[in-house]
Amino acid sequence: MKSITLSALSGGNVKEFHHALQDVISCLDGYRKTFPEPGGELEELLEEVDIDFVLKDLFKMLDSMQVGCDRISSISDSLRSFSRADTESKLKADLHEGLDSTLLILKYRLKATSLRPEIEIIQDYGDLPKIDCFPGQLNQVFMNLLANAIDMFDEIAEFTAYESVLSTPQRITVKTQFLEQEKVVEIAIVDNGKGMSEEVLAKIFDRQFTTKVVGKGTGLGLAIAQQIVIDTHGGELKVQSEVSQGTEFRIRLPID
């Protein structure tokens, strides 16, 4: 038996309700034409209810419900893509699909808060071939790198005046490209945040090192990301950073 997701079922019901409501309105219009003067009591009731406004508002509510169902379906698909279980052998995967899923899951963290405006995301995607990989593990790498950038922006906002943050929009750029001669795909995750000193850069992949305050992180995220990229996929994970100029993480993965 084919399974049906809750979001798909709800979306289908909204569409069916939309059609049913249109049928009801057609019937009401027929009654109005046939009985243009229904009588004082019914006329008062229709005026009290403001039936034309109610019907118009119902369609607006249905449209809003459909948007909500579409969003739930999109998030559900992204969660399924992000959390897909890796098999014992590598699979052909679209890295853009993993990046998009990760960004959608993190979307709520990008929204404006009382301390800062919304974090801007720039997606500069090249034409990438599918590669043999463990997509679930690479999604975890994308999550760690993007979440770290967001954490950094949140930390800046805690100690910076809102007007100052507003004057320098916080931005994360995700850029991909296929380097055909080198036979690698490259994913760069770049932020325009506070950057890191050379001392911090030297320790950034250490398992117990973290720049976050107690309770905000363990320092394992980047170490795990490095292990997944280098040991599991035979790739490279490099970082470039300069204080007050931002940080760039660059992932290179072989296509063979």
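Each reported figure results from applying straightforward, stated rules to the coordinates on display, with no laboratory input. Model, not experiment: these values are computed from the prediction.
Worth pointing out:
- Listed by chain and number, the lysines whose C-alpha is less than 28 Å from the C-alpha of K203, apart from same-chain residues fewer than 8 away, are K175, K194, K212, K216, K238.
- Global geometry of the stretch 88-254, whether rounded, prolate or oblate, following the gyration tensor of its Cα atoms and the 1.5 cut on a/c: prolate
- Net length gained if the chain between L28 and E180 were fully extended (0.36 nm per residue, minus Cα distance): 48.2 nm
- Extension gain, D256 back to L110 (0.36 nm per residue minus Cα-Cα distance, nm): 49.1 nm
- Overall dimensions of the stretch 134-216 by Cα: Rg and Dmax, Å: 15.5, 47
- Multiplying the residue separation of M65 and A161 by 0.36 nm and subtracting their alpha-carbon distance yields 30.8 nm.
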